[in-house]
Every structure is written in C-alpha cells, then in structure tokens.
Amino acid sequence: MFDLLIMAVSWILMIVGCVFVVSGAVGLVRMPDLYTRLHAASLTDTGGTIVIGLALIIQAVFIFDNNMAAIKMGLIVFFTLFTGPTASHALAKTALLCGQVPVDADGKPILDSPEEATLLARSRPADYRHGEDAKRIEDEMDALNKKRRGEG
Amino acid sequence: MFIAGILALLVTMALTLWRTLLGPTLFDRLLAVNSFGTKTVLLIAVYGFMTGRPDFLDIALVYALINFVGTIAVLKFFEYDDLGSGKYQEDDF
C-alpha cells in the first residue's frame, strides 16, 4: 500500500516534470523573439528540474533506499535553483547591452535604436545614486527621451 | 517511469538542438545550449536511476556546475570582449 502510494506520487511528479520540460522546448522553438524564447526556456528549465528532481529524490529514499543519492539529487536541484535564473538574467542583460531591441505583440520594436537598448541596460538605479558618471547617463537618457517625444 | 522521462528529455533535447541550429542571433544559440546542458544533467540523473546505479549523480552534479560557469564565461566574453580583466567595467559608463 505504501509502496503503491510512493510510486503514484513519483509517477505524477515525473509526468508533470516531463510536461514542463517538453512545453519549454516547444516554446523555445515556436516563440517569435529572443526575449519570449528566454522566458519560455528559463522558467520551464528551473521548474522541470525541481519537479523531476523531487520525483527522483522520492525514488532514491523509498525505493532505492540510498540516502546519499537523495542528497546529491537535492544538491543538483539546489544549484539549479540558483544558476538557472542567474544565467537567464545575465543572458537577457547581455543581449540588451549588445543592442537586441525587444518587440511588442505586433512585432514592432519598443525602442528606437540599438543604442537606446544599450543605455537601458547600463542604467541601473545604483548608478544614479552613487556612480560618478550617473549624471552623464541621465543626460543621455533624457536626450533620447526628448528625441523620441519630438519625433512621436 | 524512467523510460518515459528519458523519452521526454530526448524529445526536448532534439527540439533544443533544432533551435541551436536555427537561432538567428548568437544569444538564441547560447540560450538553447544552456537549456541543452540542463536537460543533459537531468538525463544523466534519470538514466542512472533507470539502470539502478544512482552513482551517476556525481557526474550530473559536476556537469550542472560546469554548464553554469561556461554560460557565464561566454556571456562575459560577449559583453567585454575579454575574459580576465575588469578594466572595461571602469570606463564602461
């Protein structure tokens, strides 16, 4: 009875994880734009790893009776929980810094130029408060905003 | 159960490789490769459990860490055109 319950729970977790992982890959192929692809891939990466990892931890503890394997699987889930979002954040920021402009639902760019994307990536709130060149970034952003308002 | 998981992971890895070959920009390819690495970690773990030897988890753990470090290193190379020095960060603004 207990074994049946354990198998049922880990089956359900494994199926849920497989759905996460496959839907993430389908999103990675079908989405139209870099940032939407990033959204699809990074969320399902972390979520799928957590859920499949939980299924494997349950298997290791109750079926295989191997606590060391459960601890190692827990470490993998723990590291993925940190490294997945960090890598996605770094990728999005570098893409913006290199001038990849995000597009809206109609496929139109939401920024005027790649240079504006670079400025947006460099303008952190901390720099406005503490950095020596905060004034320059602020002026450049103001000039760009003024230009956009003038044209629009 | 493990066979179902392995099949789903293999389908996922095939789709991810398709995006790696297709991806219009460098960042698409890098995202797909990072995703592929995470799926490889899961595949190694599930395969270890399927064959009844969970010792494969050591390899999966190391692969997870190396995958993260590799992605960050390539991204830093894109951003600063340099892996070692921090001098670009100072005159970046």
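The values are calculated or read from the model by the stated rules, or taken from the named source; none is laboratory data. Just so it is clear, the structure is predicted and the values come from calculations on it, not from any experiment. Here the Cβ is made from the backbone with ideal geometry for all residues, glycine too, and neighbour counts use every protein chain on show. We work out accessible area using only protein heavy atoms, side chains counted, and drop any ligands, DNA or RNA first. Shrake-Rupley method; radii C 1.70, N 1.55, O 1.52, S 1.80 Å.
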Heavy-atom accessible surface, probe 1.4 Å, ligands and DNA/RNA ignored: which residues of the range A:43-59 lose at least 10 Å² versus the isolated chain?
A:45, A:49, A:52, A:56, A:59
For residue B:23, what residues show an amide H to amide H distance below 5 Å, using hydrogens built from the backbone and excluding near sequence neighbours?
none
Apply 1/(1 + (r/R0)^6) to the Cβ-Cβ distance of residue B:25 and residue B:62, taking R0 = 22 Å, and write down the FRET efficiency to the nearest 0.05.
0.15
By how many degrees, between 0 and 90 and to the nearest 10, does the Cα long axis of helix A:2-30 differ from the longest principal axis of chain A?
30 degrees
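What percentage of the solvent-accessible surface of the protein assembly as shown, computed with a 1.4 Å probe over protein heavy atoms, is contributed by carbon and sulfur atoms?
Carbon and sulfur atoms account for 67 percent of the accessible area of the protein assembly as shown.
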With a 1.4 Å probe on protein heavy atoms only, work out how much accessible surface A and B bury together, total over both chains, in Å² to the nearest 100.
4200 Å²
Compute the FRET efficiency between residue A:120 and residue B:78 as 1/(1 + (r/R0)^6), taking r as their Cβ-Cβ distance and R0 = 25 Å, and round to the nearest 0.05.
0.90
Solvent exposure, largest accessible area first (probe 1.4 Å, DNA, RNA and ligands not counted), of B:44, A:63
A:63, B:44
Where does the protein assembly as shown land on Rg/Rh, using Cα atoms and the Kirkwood Rh?
1.08
Counting only pairs 8 or more places apart or on different chains, how many lysine pairs in the protein assembly as shown have C-alpha atoms closer than 29 Å?
17
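For chain A, what is the calculated [θ] at 222 nm in deg cm²/dmol (nearest 500), taking -39500 (n - 2.57) for each run of four or more DSSP H residues and dividing by its residue count? All intermediate terms of the calculation are to be shown ahead of the outcome.
Numbers: 6 runs with 118 residues, N = 152.
When only DSSP H runs of four or more count, the value is -26500 deg cm²/dmol.
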For residue A:3 the rounded accessible area (nearest 10 Å², probe 1.4 Å, non-protein molecules ignored) is 100 Å²
From the phi of every residue in the range A:65-77, what ³J(HN,Hα) in whole Hz does the Karplus formula 6.51 cos²θ - 1.76 cosθ + 1.60 yield, where θ is phi - 60° and glycine or proline is x?
6, 10, 6, 5, 5, 5, 5, 5, 5, x, 5, 4, 4
As a test question: what accessible area, to the nearest 10 Å², does residue B:79 have when a 1.4 Å probe is rolled over all protein chains in place?
50 Å²
Net charge near residue A:60: determine it from the other residues with C-beta under 14 Å of the C-beta of residue A:60, scoring Lys and Arg +1 and Asp and Glu -1.
-1
Cα-based helix-to-principal-axis angle, A:134-151 vs chain A, degrees rounded to 10
80 degrees
Which of the residues in the range A:64-93 lose at least 50 Å² of accessible area when you go from the chain alone to all protein chains together (probe 1.4 Å)?
A:64, A:72, A:76, A:79, A:83, A:87, A:91
Separation between Cα centres of the range B:1-72 and the range A:1-19, rounded to whole Å:
22 Å
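For chain A, what does the accessible surface come to per residue with a 1.4 Å probe? Please give it in Å².
56 Å²
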